[in-house]
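S.K.: Have a look at this one before I ask anything.
The values are calculated or read from the model by the stated rules, or taken from the named source; none is laboratory data. No experiment lies behind these values; they were computed from the predicted model shown. FYI the Cβ positions are ideal-geometry reconstructions off the backbone, even for glycines, and counts take in every protein chain you see.
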Amino acid sequence: MTFATRFAPSPTGPLHLGHAYSALLAHDMARAAGGRFLLRIEDIDTARSRPEWEAQLLDDLAWLGLAWDAPPLRQSDRLSAYEAALDALWDRGLIYPCTCTRADIAAAASAPQEGAPLHGPDGLIYPGTCRKRHPRTGKRPRGTALRLDMAAAAPATVGFFETGAGPLGDTGAQLHYHADLRDRIGDIVLSRRDFLGSYHLSVVLDDAHQGITHVIRGRDLFDATPIHALLQHLLDLPTPIYHHHRLIRDDTGRRLAKRDDARAITAYRDAGATLADIRRMVGL
Ligand code: GLU
């Protein structure tokens with residue numbers, strides 16, 4: 001098995017120091033393993049993705065000295081694969097249409113008989129309002145959100161190997177992490193009303209399509225990984241090894257976000273920083 005990893009930015013804002021760390025670390029780990037380093041543009045969220053952000057991120061990555069071992073994969077070119085996976089899950093009765101708004105979900109989850117509202121990796125755990133509301137027969141519905149019926153789909157736990165900063169800290173050891181899915185995650189959205197698919201569905205299908213053996217990404221995505229391991233199980237895809245790395249924080253300890261323009265790579269470039277400066281700043 002040849003080591004293959006990827007950097008998977010969304011073109012929804014400028015790349016910042018946290019992205020630089022993620023991309024450089026994945027690249028360095030691939031080179032150290034004699035493996036492949038790939039790029040994927042995660043542009044399925046058409047309302048937020050912009051061609052100008054994509055152009056900027058490609059320019060920043062080239063400036064960081066990064067090159068990939070295959071042409072970049074663009075999620076907007078992969079819609080037929082997402083359709084096929086949704087069809088397969090629909091045919092097995094594992095997904096159902098959901099017409100709830102955010103306000104409906106908040107109201108249902110805070111109803112007195114529900115106890116304290118529970119939060120999962122995607123926000124409030126879905127209270128199940130639409131689970132039995134619509135028939136799951138005929139053709140897969142279009143133009144509506146589709147949720148995974150977690151109770152029908154999930155084994156009690158899923159496991160994956162973690163070599164980075166999991167909940168147990170930066171051990172470097174390979175942990176077999178087990179996550180409880182049914183109560184802690186709930187019926188997640190696998191296709192959105194406003195665009196086909198979802199982050200979880202596309203990331204899993206694309207990692208398999210690109211032959212990714214090691215997913216190297218920030219700790220902020222750790223809680224999404226049990227969902228990804230479940231989808232790999234349901235769709236009969238291999239589960240890569242995961243390495244969730246430390247996050248780059250600002251001076252007040254806050255995790256950097258796309259809105260932190262002051263820490264955008266472009267801002268450092270404009271101020272005359274070199275690649276060596278960036279590597280030092282992120283601790284590489
Ligand atoms: N596109 C995601 C982001 O920009 C990263 C997804 C991943 O690495 O799995 O945060």
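S.K.: Just to check your reading of the model, which residue among Ala229, Ala264 is under 30 Å from Val158 (Cα atoms), touching a residue at least 24 places away in the same chain (Cβ under 8 Å) and within 22 Å of the chain's Cα centre (by Cα)?
M.R.: The unique qualifying residue is Ala229.
S.K.: Do the conditions hold for Arg92, that is, is it under 29 Å from Ala145 (Cβ atoms), more than 16 Å from the ligand (Cβ to nearest atom) and basic (Lys, Arg)?
M.R.: Answer is yes for this residue.
S.K.: Quick one: is Ser49 of a type in the set (Gly, Ala, Ser), closer than 14 Å to Arg217 by Cβ and touching an Asp or Glu at 6+ places or on another chain (Cβ under 6 Å)?
M.R.: Values: of a type in the set (Gly, Ala, Ser): yes; closer than 14 Å to Arg217 by Cβ: no; touching an Asp or Glu at 6+ places or on another chain (Cβ under 6 Å): yes.
No, not satisfied.
S.K.: While we're looking at this one, here's another question. With the checklist (1) under 30 Å from Arg280 (Cβ atoms); (2) touching a helix residue (DSSP H, G or I) at 6+ places or on another chain (Cβ under 9 Å); (3) in contact (Cβ under 8 Å) with a residue 24 or more places away in the chain in hand, flag the one item Arg74 doesn't pass.
M.R.: Tallying (1) under 30 Å from Arg280 (Cβ atoms); (2) touching a helix residue (DSSP H, G or I) at 6+ places or on another chain (Cβ under 9 Å); (3) in contact (Cβ under 8 Å) with a residue 24 or more places away in the chain, Arg74 fails exactly one: (1).
S.K.: Something else: Being in a loop (DSSP other than H, G, I, E, B), in contact (Cβ under 8 Å) with a residue 24 or more places away in the chain and not β-branched (Val, Ile, Thr) is the filter here; which residues of region 94-126 pass it?
M.R.: Leu94, Cys100, Leu118, Pro121, Asp122, Tyr126
S.K.: Oh, and also: Which ones in region 190-205 are within 16 Å of the ligand (Cβ to nearest atom) and either of a type in the set (D, E, K, R) or closer than 21 Å to Pro127 by Cβ (or both)?
M.R.: Correct list: Leu190, Arg192, Ser198, His200.
S.K.: Can you tell me how many residues in region 206-224 are touching a helix residue (DSSP H, G or I) at 6+ places or on another chain (Cβ under 8 Å) and either aromatic (Phe, Trp, Tyr) or away from the ligand (no atom under 12 Å from the Cβ) (or both)?
M.R.: 2
S.K.: With closer than 27 Å to Arg192 by Cβ, part of a helix (DSSP H, G or I) and at pLDDT 95 or above as the only criterion, which of Leu38, Leu58 stands out?
M.R.: Values: Leu38 fails: part of a helix (DSSP H, G or I).
Sole residue among the options that is closer than 27 Å to Arg192 by Cβ, part of a helix (DSSP H, G or I) and at pLDDT 95 or above: Leu58.
S.K.: Is it fair to say Tyr268 is of a type in the set (Phe, Trp, Tyr) and within 11 Å of the ligand (Cβ to nearest atom)? Break it down into steps so the answer makes sense when it comes.
M.R.: Working: of a type in the set (Phe, Trp, Tyr): yes; within 11 Å of the ligand (Cβ to nearest atom): no.
So Tyr268 does not fit the description; no.
S.K.: Further question: For region 123-179, how many residues are exposed (fewer than 15 other Cβ atoms within 10 Å of the Cβ) and at pLDDT below 85?
M.R.: Of the residues in region 123-179, 13 are exposed (fewer than 15 other Cβ atoms within 10 Å of the Cβ) and at pLDDT below 85.
S.K.: Listed residues Ala47, Ala81; which is hydrophobic (A, V, I, L, M, F, W, C), under 30 Å from Ile125 (Cβ atoms) and modelled with pLDDT under 95?
M.R.: It is Ala47.
S.K.: Looking for something more than 16 Å from the ligand (Cβ to nearest atom), on the phi > 0 side of the Ramachandran plot and in contact with a helix residue (DSSP H, G or I) (Cβ under 7 Å, 6 or more places away or on another chain) - is there at least one such residue anywhere in region 57-64?
M.R.: no
S.K.: Scanning region 14-31 for residues that are in contact (Cβ under 8 Å) with a residue 60 or more places away in the chain and surrounded by fewer than 20 Cβ atoms within 10 Å (Cβ to Cβ), which turns out nearest to the ligand (Cβ to nearest atom)?
M.R.: Result: Pro14.
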